[in-house]
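The values are calculated or read from the model by the stated rules, or taken from the named source; none is laboratory data. The structure presented is a predicted model; accordingly, all values stated were derived computationally and were not measured. Virtual Cβ from ideal backbone geometry, glycine too; neighbours counted across all protein chains shown.
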Amino acid sequence: MARETATMVTLTCEHCKREFRLQQGHYDSRTRAAGHPPKYCSRFCMGAANRVPEVLRVCQHCGEEFMYQPGRRATGAPRRRGKKFCSKECQLAALSASAVDPELPGYTKGRRRNADGYILRRPIADRDRSIKEHVVVMERHLGRSLFRNELVHHKNGDRADNTPPPDGNLELWDTSHPPGQRVSDKVEFCKEFLSRYGYVVIKPVGFYDNDVMESACLQ
């Protein structure tokens, strides 16, 4: 029995204007799925035909011209709103002074509370990121970043009260501990702990060595 030849449908690509052929079954299925007959011969032509052309914009901060390619809405229509600045630096520099918190320079005035009751702030340099306010306040008070084993405690239990020490609600806690109970281990831990916070440890003249003191304790 002779094999039947599949019926082919000839179409013209709306982008490259070349003819292309589809089997009748593929033509019918794609027409039902899209609601109209296939328009393009390939994904490349479909993307090129739907790509929004670049437009010329003027930076609202520095006044330099730049090219910008707007996106599309869900309906396929180009977005009317687009980039106002040529770079991230110009965008940050153009932020209104009223949007910057004078008490926390580098952060916006907006404050929101998360599910745990902590206040979150957004840095101007990365407005997609949120940082807990009590951490920011403590680090600015200390003049450095928190160590890995440090945390900030609210003395009155109110997580929205982030007034800095020494008279405020925040206080610095430490969760580190020595690796064991040997006297020598504790001495080394205390020396490292005190030096981290600016203290100088001086051993008194004539004081027992660690090994001697540990032996005396074990007797």
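Which of the residues spanning region 134-157 are basic (K, R) and under 20 Å from D101 (Cβ atoms)? The one that is basic (K, R) and under 20 Å from D101 (Cβ atoms): R140.
Conditions (1) assigned to a strand (DSSP E or B); (2) of a type outside the set (S, T, Y), marked per residue:
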site: H15; (1), (2): no, yes
site: L22; (1), (2): yes, yes
site: H26; (1), (2): no, yes
site: T31; (1), (2): no, no
site: P37; (1), (2): no, yes
site: F44; (1), (2): no, yes
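Just one of the listed residues (C13, C59) is farther than 30 Å from K88 by Cβ and touching an Asp or Glu at 6+ places or on another chain (Cβ under 9 Å), and it is C13. Note on region 154-198: residues that are modelled with pLDDT under 90, touching a His at 6+ places or on another chain (Cβ under 7 Å) and not in a loop (DSSP other than H, G, I, E, B) amount to 1.
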